[in-house]
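The values are calculated or read from the model by the stated rules, or taken from the named source; none is laboratory data. Here the structure is a predicted model, which means the values were calculated and not measured. So basically every Cβ, Gly included, is an ideal-geometry build from the backbone, and we count neighbours across all protein chains shown.
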Amino acid sequence: MKPSFSCLCFFFLLCLLQCGASGTRQQGDALNKFYFNNRAGRSSSSWPSSLLLVSNLESKVYDNGRLKEGDKVVRLPGQPADVHFDQYAGYVTVDKPNGRALFYYFAEAAENSGSKPLVLWLNGGPGCSSLGYGAMEELGPFRVMSDGKTLYRNPYAWNEVANVLFLESPAGVGFSYSNTTSDYAKSGDRRTAIDALIFLVNWFERFPEYKGRDFFITGESYAGHYVPQLAHAILHHKDRLINLKGIAIGNAVINEETDRKGLFDYFWTHALIADETIVSIHKFCNFSLDTQQQPPECDRAVDEASRVFDEVNIYNIYAPLCFSAGVTPTPKLPSIENFDPCTSNYVEAYLNNPAVQKALHANVTKLNYTWSGCSQVIPSWSDQPSTMLPIIHELLSNGIRVLKYRLNTRCQLKKTNKIQKQLACLVP
């Protein structure tokens, strides 16, 4: 049996929390077409530390008193019986003048939540939902059945070993919003990191029992930018009681030059593009940052290779494609191990259900668009450093543990394997 995303990620989390290692199935975002086709706003390196500092952070701490109990989720529609952990969901204001607020979903640990660490999960994109993908399709406590109405338990949920916080970030993603629509056009790496820091500072005021708790930031794909940048911002605001211990990034975007070349090499080594195409890419393309324009031979080869995006599920190349636009009248027998290519349809139907939104305290401003896995309102991305390597090196030099992993779907797993055996599925 091939490993599921949930099973692999479950043991990667255990490794981060217990092993101190240094260093997806479906990443669920629009990374490829956006990131590889949009070069605007990139700088040649990471920013100086000063750009991730929040001036007068104390003024961004708003009144969070008595808001925690109002965020408690009594029961989600279609939720299975015998759920013995608390759930919370709601909005945290990050910019009161502009009316910018970020939506979160929080699943406390199934047992002994008071002694378990706190883990933040971020999906990438940029511009895609940690609630819809991370929580509902990957590592959250529940999965959505094919009727779009019923939930079932995820046996590999991360809240079996940690308290897990999912954040829809930045504003304009999922249920997160701004009352100042011009904010969406200013979306970028720097704004995302600063708003996430302000979110955390306010969230800890709402949940003060987690102040000082061991804290880890995790994510996948374009969260290879989000995660180290947020960790970097925390590192430079040491006055806050955020006890950052480590980060983990899976299948992560961290260095543009090698990421771009590696994508096409991956296509070729998995027989998705012809020998002639990869030869042309290697011969004519230069992905270094000082290259302003590629020769026509490179452009033609890249265009040919990019057709893969339309032919296969790029996040699970051996999986079937979804040819259904909706949900089933009655739920199919669910399976964590067997990939259902239409899962995103079920999640979208579930999260657009008014009863679900009410239970989650979501969409309180009645947004003029439906919930979707990736943002419909963010028109562009204003800034993105070309590499995260300097930030990652700085984190390591300051004692922050780093786990960078990608999934090897060829490895065989059994649920009873020990952590050390799971590490055989990590590909350096």
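Just checking, does the stretch 204-218 include any residue being among the acidic types (D, E), crowded, with 24+ Cβ neighbours inside 10 Å and closer than 25 Å to M388 by Cα? Taking every residue of the stretch 204-218 in turn, none turns out to be among the acidic types (D, E), crowded, with 24+ Cβ neighbours inside 10 Å and closer than 25 Å to M388 by Cα.
Considering the conditions (1) in a loop (DSSP other than H, G, I, E, B); (2) modelled with pLDDT of 90 or more, E297 is excluded by exactly one of them, (1).
Would you point out the residue of the stretch 44-60, among those that are part of a loop (DSSP other than H, G, I, E, B) and in contact with a helix residue (DSSP H, G or I) (Cβ under 6 Å, 6 or more places away or on another chain), that is modelled with the lowest pLDDT? Break it down into steps so the answer makes sense when it comes.
Residues of the stretch 44-60 part of a loop (DSSP other than H, G, I, E, B): 44-48, 53-56.
Next cut, in contact with a helix residue (DSSP H, G or I) (Cβ under 6 Å, 6 or more places away or on another chain) only: 46, 54.
Working: S46: 63, V54: 80.
Per the stated criteria, the residue is S46.
Output the residues belonging to the stretch 232-253 that are aliphatic (A, V, I, L, M) and either crowded, with 18+ Cβ neighbours inside 10 Å or touching an Asp or Glu at 6+ places or on another chain (Cβ under 9 Å) (or both). Across the stretch 232-253, the qualifying residues are A233, I234, L235, I242, L244, I247, A248, I249, A252, V253.
Scanning the stretch 349-385 for residues that are in contact with a helix residue (DSSP H, G or I) (Cβ under 8 Å, 6 or more places away or on another chain) and part of a helix (DSSP H, G or I) turns up Y350, L351, V356, Q357.
Against the conditions (1) farther than 25 Å from K366 by Cα; (2) in contact with a Pro (Cβ under 9 Å, 6 or more places away or on another chain); (3) at pLDDT below 95, P126 satisfies every one except (1).
Considering the stretch 130-150, the residues that are in a helix (DSSP H, G or I) and not small (G, A, S) include one that is farthest from P331 (Cα to Cα), namely L131.
For the stretch 194-214, the condition holds for at least one residue, the condition being that it is over 18 Å from S130 (Cβ atoms) and among the small types (G, A, S).
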